[in-house]
Amino acid sequence: MKDGEDAEGWKWFLELLVEAIPLLKMQHPYNRCRFCYFTVISDRQKGLIQALQQVFPDNHHCFCSVHIARNVEKEVGKKVAKLVHALSATFSKRESDELMAKINAISARGKKYLEGISANQWRSTAWVDDPTLPPRFGIVTTNMSESVNSMVGDARDGSWLECTNDIVRKMMNRICSLREENYGREGVVDKVAEILESRWKNCSNFQVREVVKGGSQFDVFRPSRGASQPETNRLLDVREQTCECGKWQEHGVPCIDAVAYYRLFETQTLQYIMDNHVSEHYKYETVNELLKENIVPVSLDILDQDGVTLPPNRTKRSSGRPRKKGSGNDLVSPMIQTNHPLFVADARREDTTLKHVLQESNLRNNNQLSLTFLEQYITVITIIRFQYYLWIGGSSSNSCSGSNSFGNYSVVET
C-alpha cells in the first residue's frame, strides 16, 4: 500500500472493501450486542486504527495477542511476552489477576504497558464484564490470515494480476476440496461433537440449583478435582445463553456448566443438546450451504485492454516488504516484458500499487467507476479476504479432491 500503510491508504482500501461487501456492516443478530456482526482483529497499526474508526465506526475492533506479545518482548523482554496470550485468552478473573501479578513481579513497566491497552479490545475477561461485546468465537489472533498469506506467498512474485489470478485458483480448489469432503454430512461438526462428549462425561457429579423458581438463572457447582481445579460455582442464564465462565456466549456452544444444566436439570440427552443448543455455525448443513457456490473464475485470455490501466513511472524503491534476493532484473513485470495484451503493473513496489494506478488514471474521484478488469479484480480480492476462514478445515493442498486432471490442468466444479 502506498505511503507506508498510512491512515489515508487504509481508508481508501476499507472504503473499497465495504463497497464490495456491504454486509460487513450488517447488524448483529444477538440483541444484546451493541456492535455490528463482523469484528475486526488487527496488529494495532496506527493508520489502520484511525481508518477503521472512520469507515467501520459501529464494528468492534480487537487486537491480536501475538502482536501485543511481540511488542511487549521489545519493551520488557521474553518472560513477560510469554504470559500475554494466556492473559488474553482466559475468561477467569482469578487467573487474570494471577497472571498480572506474575507480570508485575517480572516487570512493573510491562504491567503498566499492558494495562494501557484497552481491555475490551484484547482481554477475554472484558467479555464477561460487558455482555454487549460481540463474540469472537475464540479467535484472539490474526493467525488464520497470516496462514493464508503464507500459503499464497509465491503468488507475490508475479504482477498484481498474475498474483490475484493465482490466489483465485487456489481458493477455488480449496473450496471445491472442502465441498467434496463435507458433502452429505449432517449434524454438529466432529470437533465440536468431541468437545461436547467430553463435557458430558465430566459434568456427571456437578450440582445445579435454580436461583429463582421458574426463572432462567441457575447456579452450577463444580466439585474439586485436585489442587489444580478447586471447587467453584458459575451462574448461568439459559434464556440469554450466557455463563460466568464466558465460554458459552463466546463460542455459541454450551460450556460444561450449560451441559450440566441440560443433563442434570432438564434431563436431556447429549444428542438432543447437539441438535438444539449448538449454534448453526457448527453444523454441516451450514458448512455445505457456505460451500455451495464457488468463486466465479475469470479467464485472463478473454480480457481486453481497458485503455486505463497503465504502468506508472518507476522512480523510487518501495517501502515495506523487502524484495527476495536473487530476483535479477525484475523491475518490469513479466507480463510487460512479454508484451502481454494485459499491460499491467507489478504490484510489489510502492509506485505500482493498485492505489497508485487508480491515482494515475484519475479514477479515485470518479463516483461511477466503469467495470474495468482492474475494478473486477479489486472486488475479487475483497471476496477472497472475506472467505479466508474456509482454510481452517484441513490441509492447504492445491489439488481438488474429486476433480478431473488432464496433464498440467485441473478441472474444478464451481
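The values are calculated or read from the model by the stated rules, or taken from the named source; none is laboratory data. All values derive from a computational prediction rather than experimental measurement. All Cβ positions, glycine included, derive from the backbone under ideal geometry; neighbour counts span all protein chains shown. We work out accessible area using only protein heavy atoms, side chains counted, and drop any ligands, DNA or RNA first. Shrake-Rupley method; radii C 1.70, N 1.55, O 1.52, S 1.80 Å.
Just one of the numbered conditions (1) closer than 23 Å to PRO131 by Cβ; (2) touching a helix residue (DSSP H, G or I) at 6+ places or on another chain (Cβ under 9 Å) is not true of LEU270: (1).
Within the stretch 228-242, residues that are in contact (Cβ under 8 Å) with a residue 40 or more places away in the chain have Cβ atoms under 9 Å from residues that are exposed (fewer than 15 other Cβ atoms within 10 Å of the Cβ) and among the charged types (D, E, K, R) in these pairs: GLU240/ARG32; THR242/ARG32, counting only partners at least 6 apart in sequence or on another chain. Inspection of the stretch 141-150 finds no residue satisfying the criterion of being of a type outside the set (Phe, Trp, Tyr), part of a loop (DSSP other than H, G, I, E, B), over 30 Å from MET26 (Cα atoms) and open to solvent by less than 40 Å² (accessible area, probe 1.4 Å).
Could you check, for the stretch 169-187, whether at least one of its residues is open to solvent by less than 30 Å² (accessible area, probe 1.4 Å) and farther than 18 Å from GLU293 by Cβ? The answer is yes; a qualifying residue exists. The number of residues in the stretch 251-278 that are at pLDDT 95 or above, part of a loop (DSSP other than H, G, I, E, B) and of a type outside the set (A, V, I, L, M, F, W, C) comes to 6. Looking only at the stretch 279-293, decide whether some residue is at pLDDT 95 or above and open to solvent by less than 30 Å² (accessible area, probe 1.4 Å). There is at least one residue in the stretch 279-293 that is at pLDDT 95 or above and open to solvent by less than 30 Å² (accessible area, probe 1.4 Å). Within the stretch 92-114, how many residues are under 27 Å from LEU235 (Cβ atoms) and either in a helix (DSSP H, G or I) or touching a Lys or Arg at 6+ places or on another chain (Cβ under 7 Å) (or both)? Qualifying residue count, the stretch 92-114: 9.
Go through the residues of the stretch 224-231 one by one and say whether even a single one is at negative phi and either surrounded by 18 or more Cβ atoms within 10 Å (Cβ to Cβ) or assigned to a helix (DSSP H, G or I) (or both). Looking through the stretch 224-231, none of the residues is at negative phi and either surrounded by 18 or more Cβ atoms within 10 Å (Cβ to Cβ) or assigned to a helix (DSSP H, G or I) (or both). Whether any residue in the stretch 203-212 is among the small types (Gly, Ala, Ser) and open to solvent by less than 70 Å² (accessible area, probe 1.4 Å) is what I want to check. Yes - at least one qualifying residue is present in the stretch 203-212. Looking at the stretch 258-271, can you tell me whether even one residue there is touching a strand residue (DSSP E or B) at 6+ places or on another chain (Cβ under 9 Å) and of a type in the set (Ser, Thr, Tyr)? Yes: the stretch 258-271 contains one or more residues that are touching a strand residue (DSSP E or B) at 6+ places or on another chain (Cβ under 9 Å) and of a type in the set (Ser, Thr, Tyr). Selection within the stretch 106-135: residues that are touching a helix residue (DSSP H, G or I) at 6+ places or on another chain (Cβ under 7 Å) and hydroxyl-bearing (Ser, Thr, Tyr). The member of this set that is most open to solvent (accessible area, probe 1.4 Å) is TYR113. So for the stretch 238-246 (the condition being surrounded by fewer than 18 Cβ atoms within 10 Å (Cβ to Cβ), modelled with pLDDT of 90 or more and over 25 Å from ILE139 (Cα atoms)), does at least one residue qualify? For the stretch 238-246, residues surrounded by fewer than 18 Cβ atoms within 10 Å (Cβ to Cβ), modelled with pLDDT of 90 or more and over 25 Å from ILE139 (Cα atoms): absent.
Among the residues making up the stretch 204-233, those that are touching a strand residue (DSSP E or B) at 6+ places or on another chain (Cβ under 8 Å) and either among the hydrophobic types (A, V, I, L, M, F, W, C) or farther than 19 Å from ASP257 by Cβ (or both) are PHE206, VAL208, VAL211, PHE218, VAL220, PHE221. Determine, yes or no, whether PHE38 is in contact with a Ser or Thr (Cβ under 7 Å, 6 or more places away or on another chain), on the phi < 0 side of the Ramachandran plot and not aliphatic (A, V, I, L, M). Here the answer is no, as PHE38 does not meet what is asked. Out of the residues in the stretch 32-58 that are in a loop (DSSP other than H, G, I, E, B) and within 18 Å of LEU16 (Cα to Cα), which is least open to solvent (accessible area, probe 1.4 Å)? Per the criteria, the residue is PHE56.
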